[in-house]
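A short write-up of the structure that comes next.
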Amino acid sequence: MATYKQSDKLRNVLYDIRGPLLEHAMTMEAQGHRILKLNIGNPAPFGFEAPEAILVDMIRNLPKSQGYSDSRGIFSARTAVVQYYQSRGIKSIDVDDVYLGNGVSELITLSMQALLNAGDEILIPTPDYPLWTASVALASGTPVHYLCDEDNHWWPDLEDMASKITPNTKGIVLINPNNPTGSVYPKPILEGIVRLAREHGLILFADEIYEKILYDDAVHINAASVTGEDVLCLTFSGLSKAYRIAGFRSGWMAISGPKRDAANYIEGINLLANMRLCANVPAQHAIQTALGGYQSINDLILPGGRLKQQRDKAAQMLNAIDGVSCEVAQGALYLFPRLDPEVYPIKDDEKFALDLLKQQKILISHGSAFNWINTDHFRMVTLPSVEVIEDAINRLADFLSTYKP
């Protein structure tokens, strides 16, 4: 009998957020257990609904959505993206510089496939959103992780970043607001990263999907507003999180900077965009309404808003557990707590997460799934109601009180 094996290209491709832990949780569910899933930033299961205007407008446009669109996306949606960035002070993006995708995830993979050859390197933060590392590896590139400093608000360590630039480096990935830490980067940090990109002729890949989910006095600065005309910047964002329509898969990529110098790379992007024909057309019709309409996300992140209350409660309770410390997230939907190795000498953080799942029926993501360098962190989403968060963290505290790694 013949045997059929996966491609060698997948040898270094990992995405443990939906890996063995989730498979074990699904097996437990099939056995009748109720699992509290705090592993993925998916708003819908936690009672967050899409703004009605978005749903209505998409439904009204369904009769016009039966055929393929332009491979880059429908004109009205791309125009809305351009106008949004113009309102943010970014003037150099034109309609033809915008590509709509089946979520940001598709466009991340596309941007790497169009750029990288074997041996090319991309600087990626640690901790990271692991799709970036996986996409670089899948495109035959080499992911090189630069450190984000927990002792300095999880901001990128510019000296560490600079030390890892080599002649093979092609670009720098910037995740701001950051997943998994919730850090939001100030302008001096962005300027330092842009300076490195300028000095070394690197592309900046700015993942800004959480740009509208900010807490307290945090201010998000689009990287493309700092790069100017001499640093190529690819900006990624979409509707999944701020507009609570993750299942619609509606994202975009916008190119700014010296596009003439990147003509050959952009030709490759166009080739791959053409090959996938187009993104999901009904979801493209949500973009103009979302960006131009009432920004209901503000009701959730301001004082009294559900997302802020949940973040506050989760951070307060985690920091109250002996041996647990947690930087309070300034953006996004996650916390990335640290387990003091002196109190919890965990050698295998995936096993720690599995033990928690088995004993308390709580599914979290272990820190090494985000390419973190140690086994002393985990990520939990802050999407559940305050009552559910209280119950979950009380159960976590009970688990930790007797846990012996």
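Here are a few things to note about the model shown:
- Taking amide H as placed 1.01 Å from N in the peptide plane, the amide H of residue 148 sits under 5 Å from that of 126, 157, each at least 5 places away or on another chain.
- Debye log10 I(q)/I(0) at q = 0.16 Å⁻¹ for region 324-405, Cα point scatterers: -0.58
- Mean separation of Cα contacts under 8 Å, 6 or more apart, over the residue count of region 1-135: relative contact order %: 28 percent
- Crossing angle, helix 306-319 versus the chain [Cα axis fit, 0-90 degrees, rounded to tens]: 40 degrees
- Taking every DSSP bridge with both residues inside the chain, close to 50 percent are antiparallel.
- Taking the Cα centre of region 79-236 as reference, the dipole from Cβ charges on Lys and Arg (+1) and Asp and Glu (-1) amounts to some 280 debye.
- Relative contact order computed over the chain (Cα-Cα under 8 Å; 6+ residues apart), in percent: 22 percent
- Candidates 74, 172, 189: whichever shows maximal mean-square fluctuation once the chain is modelled as a Gaussian network with Cα springs under 10 Å: 189
- Accessible surface, per residue, of the chain when the full set of protein chains is kept, probe 1.4 Å, Å²: 43 Å²
- Ignoring aspartates and glutamates fewer than eight residues from residue 404 along the same chain, the ones with Cα atoms less than 16 angstrom from its Cα are 322, 340, 342, 348, 349, 350, 355, 376.
- Debye-sum result for the chain in log10 I(q)/I(0), which assumes one identical scatterer on each alpha carbon, at q = 0.12 Å⁻¹: -0.99
- Rolling a 1.4 Å probe over the protein heavy atoms of region 89-199, with every protein chain left in place, gives an accessible area that is 46 percent carbon and sulfur.
- Point-charge dipole on Cβ atoms (K/R +1, D/E -1) for the chain, about Cα centre, debye to 20: 1180 debye
- The residue list 277, 219, 27 was ranked by how far each Cα lies along the charge dipole of the chain toward its positive end, using unit charges on Cβ atoms, and 277 comes out on top.
- One Cα centroid belongs to region 66-145, the other to region 348-405; the line between them spans 32 Å.
- Most mobile listed residue (373, 209, 122) in the chain, GNM with C-alpha springs under 10 Å: 373
- Diffusion coefficient, µm² s⁻¹, Stokes-Einstein with Kirkwood Rh over alpha-carbon pairs of region 76-155 at 25 °C and 0.890 mPa s: 168 µm²/s
- For region 171-246, taking Cα atoms only, Rg and Dmax work out to 12.5, 39 Å respectively.
- Under 20 Å, Cα to Cα: Lys pairs in region 183-341, sequence gap 8 or more or different chains: 4
The values are calculated or read from the model by the stated rules, or taken from the named source; none is laboratory data. Only a predicted model underlies this, so the values are computations on that prediction, with no experimental measurement involved. A quick note on method: Cβ atoms are made from the backbone with ideal geometry, for glycine too, and the neighbour counts reach across all protein chains shown. Side chains are part of the model used for accessible areas, which takes the heavy atoms of the whole protein and leaves out ligands, DNA and RNA. Shrake-Rupley method; radii C 1.70, N 1.55, O 1.52, S 1.80 Å.
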